[in-house]
Every structure is written in structure tokens, then in C-alpha cells.
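To start, the structure itself, in C-alpha cells.
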Amino acid sequence: MAKHDQSRGRTLTAQHAAALASLSDGSTVTAAAEAAGVQRETVSRWINDPTHPLAQAWARLSDEAVEEARRALRRHTGAAV
């Protein structure tokens, strides 16, 4: 079943979602490919194509993780001063 990505007007397939979930859990591209049932090269191609819905979703997740890390660092830095 495909999941519609509202922010980009694109569709993530079940394979994309499985790879994305695996990557977001810290898995390697190889493990993400196994989870999605595709070749490692396929996931690599998805990630490296900025127009691909998986690459766009991965970029958003990565941006969110970086921002959360910044917020946590600010909280901890302020508490230590």
C-alpha cells in the first residue's frame, strides 16, 4: 500500500516506507534494502536522487533529527552554565 507524502505531493510505496523505517532506526543501506526486499543499489539510488520521494522523506527526517539534537544541546548547555 502506498503512503501519500502530503508535503511533496508524491507517493511512498510500502518498499520505500520499509527502507525509510530501517534507515531511521540506524540501519545500514544494506539492511534497509533487505527490509524493503530490494537490492542495496536500489536503496542507494533512491537516497541519492533528490527528486525521489524516499530521498525527500529521508532528508526531512534527517533535518528533524539534527534540529532535535540542537535543541537538546542547547538545553544541556544552558543547564551546565
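Mind checking which of 12, 46, 56 is farthest towards the positive end of segment 3-80's charge dipole, using Cβ charges of +1 (Lys, Arg) and -1 (Asp, Glu) about the Cα centre?
Selected residue: 56.
Among 76, 52, which comes first, second and so on when ranked by fewest other beta-carbon atoms within 10 Å?
Neighbour counts put them in this order, fewest first: 76, 52.
Can you tell me the length gained on complete extension of the stretch residue 75 to residue 11, counting 0.36 nm per residue apart and subtracting the Cα distance?
Net length gain for the segment: 19.4 nm.
Output the relative contact order of segment 3-80, whole-number percent, from Cα pairs under 8 angstrom with separation of 6+ residues.
In percent, rounded to a whole number, it is 22.
Would you kindly calculate the translational diffusion coefficient of segment 3-80, applying Stokes-Einstein with the Kirkwood radius from alpha carbon pairs, for 37 °C and a viscosity of 0.692 mPa s, and quote it in µm² s⁻¹ without decimals?
Estimated via Stokes-Einstein, D reaches 245 µm²/s.
Of the trypsin sites (Lys or Arg not before Pro) in segment 7-81, which ones lie in a loop per DSSP and count no more than 15 other C-beta atoms within 10 Å?
8
FYI, it's all coordinate maths here, none of it is from the lab. This one's a predicted model, so the numbers in the text were calculated from it and none came from an experiment. Reconstructed Cβ throughout: ideal geometry from the backbone, glycine too, with neighbour counts over all protein chains shown.
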